[in-house]
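Notes for the one structure printed next.
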Ligand SMILES: Cc1cc2nc3c(=O)[nH]c(=O)nc-3n(C[C@H](O)[C@H](O)[C@H](O)COP(=O)(O)OP(=O)(O)OC[C@H]3O[C@@H](n4cnc5c(N)ncnc54)[C@H](O)[C@@H]3O)c2cc1C
């Protein structure tokens with residue numbers, strides 16, 4: 001198993017289940033989601049509110065601690081199980097974006113934190129007592145060019161003093177902790193631009209009002225996104241994760257899991273769109289026949305179904321490789337790319353199938369359509385995935 005194209009010809013045995021794997025998890029997630037119908041999400045959106053009850057239900061069921069090892073109070077499940085949880089949430093018409101980060105952000109702490117940090121935070125994250133759902137990477141002026149980020153952290157004795165600004169920091173207003181990426185050595189003083197960046201675990205409860213301010217950011221969807229302004233925030237040195245200057249590597253390290261999990265949400269969205277479009281195409285009668293009898297209505301749904309099944313295979317392959325400990329950067333990125341496009345094509349087919357009613361909020365199609373569009377932009381845009389595949393997997397010249 002490798003991402004290296006020259007060795008791709010080598011066969012590898014990979015266990016991959018097709019069909020409804022992790023049946024018990026799927027059933028349990030469906031039971032929870034049945035308590036949170038479309039009206040719940042519409043009401044939240046109208047109030048720009050956080051789905052606290054939904055997040056509490058998932059936490060109580062242990063789903064958000066799925067990837068935390070049992071020794072720290074989590075369920076210690078494989079990535080594929082977490083992927084199934086998120087897929088089902090989205091296939092039920094719900095949205096895991098309010099809390100999915102609780103599943104994977106902690107991976108940085110788990111893999112690179114010291115024993116004290118893990119013992120201090122992971123059990124509380126697993127139980128839901130502490131929310132680690134905010135991830136401060138993106139900045140307004142540097143965007144996808146992460147290594148150029150301008151947030152600076154300078155060490156003064158036993159604290160780091162941080163200045164800078166983050167944008168699109170989702171859930172920061174509803175999170176106790178935030179992982180923050182900041183530059184500790186100026187880019188001009190490092191040999192590789194990926195060096196000199198560090199990751200901090202910021203306790204937002206202590207930080208707000210003491211050098212850190214969070215402002216909600218109005219967006220196309222109810223994503224609880226914010227802008228974070230940092231001016232002289234003091235973070236204890238004990239909250240540095242791993243080694244100073246190696247933070248970019250730690251963040252990259254967590255990306256494969258993140259890509260697979262977000263891709264799973266895309267698969268779930270696609271399944272929801274295909275189900276509602278198929279049902280509506282069969283029920284809606286115009287010109288004395290169900291609209292689904294017209295191939296112009298039927299075929300886009302059928303095509304989206306085929307694309308979803310293909311993307312799902314890539315998601316399963318990436319998860320299986322991740323769980324087997326194999327390098328899976330190419331597969332995780334392809335899974336995210338293909339799932340985000342399959343879900344978008346399914347969304348388009350569903351909206352078009354519903355005609356004018358696609359615009360009616362009560363049908364939830366327009367909400368899910370807006371929500372699933374995000375996957376082509378965040379947490380990484382399609383172009384950046386293609387650049388990764390072109391340059392790192394296929395070995396073509398670098399564009400940046
Ligand atoms: C709702 C929402 C929630 C988010 N949540 C978070 C969060 O919690 N934490 C966080 O850190 N960030 C978050 N983000 C930010 C998200 O990760 C970024 O928006 C995304 O990575 C793209 O960065 P950008 O918006 O700065 O786009 P830019 O980097 O400005 O890019 C703009 C466009 O140009 C293209 N582009 C740029 N450079 C190239 C190139 N070299 N080649 C080809 N195309 C290129 C991009 O693909 C993109 O389409 C969120 C964003 C949104 C919208």
Could you work out the relative contact order of the range 254-393? I mean the mean sequence separation of Cα pairs under 8 Å and 6+ apart, divided by the number of residues, in percent. 31 percent
Value in Å of the Kirkwood radius, where the range 5-131 supplies the Cα pairs that are averaged: 16.1 Å
Tilt relative to the chain, helix 38-47 - C-alpha long axis, 0 to 90 degrees, to 10: 50 degrees
When only alpha-carbon atoms count, how far does the range 166-210 stretch along each of its three principal axes, as whole angstroms with the largest first? 38, 20, 14
Rounded to whole Å and sorted largest first, list the principal axis extents of the Cα atoms in the range 254-393. 55, 24, 23
Normalised per residue, the volume inside the convex hull of the alpha-carbon atoms of the range 257-333 in Å³ amounts to 70 Å³
So the compactness index of the range 70-214, its C-alpha Rg divided by 2.2 N^0.38 Å, takes the value 1.13
Mind pulling the angle between the C-alpha long axis of helix 247-283 and the longest principal axis of the chain? Nearest 10 degrees, somewhere in 0 to 90. 20 degrees
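Compute the relative contact order of the range 103-204 as a whole-number percentage, counting only Cα pairs closer than 8 Å that sit 6 or more residues apart in sequence.
Rounded, it is 25 percent for the range 103-204.
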Which value in Å does the Kirkwood hydrodynamic radius of the chain take, with 1/r averaged over all unlike C-alpha pairs and then inverted? 22.0 Å
Of all the C-alpha pairs in the range 291-357, what % are more than 21 Å from each other? 37 percent
How large is Rg/Rh for the range 161-299, to two decimals, with Cα atoms and a Kirkwood Rh? 1.23
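Just so you know, all these numbers are worked out from the coordinates, no wet-lab data involved. Predicted model, so just to flag it, every value in this text is computed and none were measured.
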